[in-house]
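Each reported figure results from applying straightforward, stated rules to the coordinates on display, with no laboratory input. All values reported here derive from a predicted model rather than from experimental measurement. Cβ atoms come from the backbone with ideal geometry, glycine included; neighbour counts cover every protein chain shown.
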Amino acid sequence: MMTINSAIIGCGAIHHRHAAAIHALPETTLRAVVDTDPSRGRQWASQYGCHGYQDYREMLRDPAIDVVHICTPHYLHKSMIIAALKAGKHVFCEKPIALNTHEAAEIAQAAASARGRLAVCYQNRYNPTSQAMAEALRHSSCGKMLSIKAALTWSRSETYYTASGWRGIFSTEGGSLLINQAIHTLDLIQWLAGGVVRVKGVTDSSWLATAIETEDSAMAMLELANGARGLFYATNCHTTDSPLALEIHCERGTLQLRDNTLWRITDKGREQLASDSVPENAKSYWGSSHQLAISDFYQAIQRSGTVQYCNVKQACQSLQLVEAIYRSSQLRQWITVSG
């Protein structure tokens with residue numbers, strides 16, 4: 001098995017999950033971290049026993065680095081992904097892949113001719129409950145999907161946005177609630193249903209209207225590719241981060257996700273299928289599946305493509321859905337979602 005040397009760009013809160021995953025993988029070394037804040041970069045470089053850089057372009061010139069993890073604000077993703085691919089590196093990027101589908105198309109074009117692979121972090125697909133839902137639908141244990149509904153009620157304060165100047169601004173975050181927090185939920189919906197055909201949605205801002213130019217709440221109806229109906233609601237105006245509530249109504253029963261536990265409910269009773277663990281020393285809403293997502297990507301690199309991961313095409317599908325909801329809210333009409 002080949003040895004892999006990795007680097008992380010951006011030493012904010014989420015980078016810990018990537019560093020922990022890298023350290024847990026066999027034949028893998030964290031060779032470098034990059035942060036524009038020199039003191040923070042030095043701190044983590046010292047703690048991890050690796051190189052520290054202030055400029056990611058300098059790091060990309062190191063021929064020993066094989067994989068680059070991008071954990072930076074949204075508006076930096078496109079330029080960093082393309083630069084890393086041009087440097088011959090594999091790239092694992094936090095969601096979203098870009099600010100919008102125009103940027104995503106540029107990334108897809110760069111990835112098509114690149115030597116390295118590109119993965120985007122939708123770790124919630126790897127949650128035990130998500131995998132159990134997909135398995136139940138794949139084997140039709142409850143029959144054909146008729147509808148899926150999801151409600152995400154989280155809390156974000158004004159301080160959350162003012163403390164990081166790029167958040168809550170279309171030009172740097174690409175939106176807010178939909179593209180940052182709820183995109184994981186939208187990704188699960190479209191992943192479980194095999195895609196979305198069209199959507200009609202509304203976005204608005206209420207409690208956070210004075211702090212952001214983007215949305216703090218959204219709702220949408222979705223026509224799903226498998227013929228089912230989708231119902232979606234999300235907000236950052238709750239006073240706590242409640243676990244995702246998701247329900248799939250099928251011909252012969254219902255799959256119900258409540259309090260991080262998945263149940264199958266039929267006329268024969270209620271059966272627990274899976275449960276998600278809450279990560280230690282991390283925010284609960286990140287889940288515990290970064291390790292699995294990152295491990296699959298590294299295995300795909302080492303095994304020449306025999307392992308699946310969320311690639312650029314799949315990552316674009318969730319971004320297209322987010323963009324369609326924004327556009328639908330502006331035009332007050334149904335919007336077709338690109339395939």
*When ranked by the protection proxy of mean other Cβ atoms within 10 Å per residue, highest first, what sequence do the peptides 90-97, 55-62 form?*
90-97, 55-62
*For the chain, compute the number of Lys pairs whose alpha carbons are separated by less than 24 Å, excluding pairs fewer than 8 positions apart on the same chain.*
16
*Hey, what angle do you get for helix 77-86 against the long axis of the chain, alpha-carbon based, 0 to 90 degrees rounded to 10?*
50 degrees
_Neighbourhood charge, 13 Å Cβ-Cβ cut-off, centred on Gly116 and excluding it, Lys, Arg +1 and Asp, Glu -1_ = +3
*Pop out the Kirkwood hydrodynamic radius of the chain from its pairwise C-alpha distances, inverse of mean 1/r, in Å to one decimal.*
20.7 Å
_Inter-label distance for Glu213 and Tyr233, nm, one decimal - labels placed 7 Å from Cα along Cα-to-Cβ_ = 3.0 nm
_Could you tell me which residue out of Val278, Ala119, Tyr233 lies farthest along the dipole of the chain toward its positive end? Charges go on the beta carbon: Lys and Arg +1, Asp and Glu -1, centred on the Cα centre._
Ala119
*FRET efficiency, Arg61 to Ser140 (Cβ-Cβ, R0 41 Å, nearest 0.05)*: 0.20
*Can you list the residues, at least 5 places off or on another chain, whose amide H is less than 5 Å from the amide H of Thr28, using H built in the peptide plane?*
Ile4
*Kirkwood-Stokes translational diffusion coefficient of segment 147-274, alpha-carbon pairs, 37 °C, 0.692 mPa s, µm²/s*: 209 µm²/s
*Post the alpha-carbon centroid distance, segment 93-136 to segment 176-238, in whole angstrom.*
18 Å
*Can you give the angle from 0 to 90° between the axis of helix 290-302 and the longest principal axis of the chain, with both taken from C-alpha atoms, to the nearest 10?*
60 degrees
*Which of the peptides 64-71, 326-333 is most tightly packed, and how do the rest follow, judged by the mean count of other Cβ atoms within 10 Å per residue?*
64-71, 326-333
*Rg (Å, one decimal) plus Dmax (Å, integer) for the alpha carbons of segment 4-121?*
13.2, 39
_Cysteines having no other Cys beta carbon under 4.7 Å from their own, within the chain_ = Cys11, Cys50, Cys71, Cys93, Cys121, Cys237, Cys310, Cys316
*For the chain, calculated [θ]222 nm from helices alone, where every DSSP H run of n ≥ 4 adds -39500 (n - 2.57)*: -10000 deg cm²/dmol
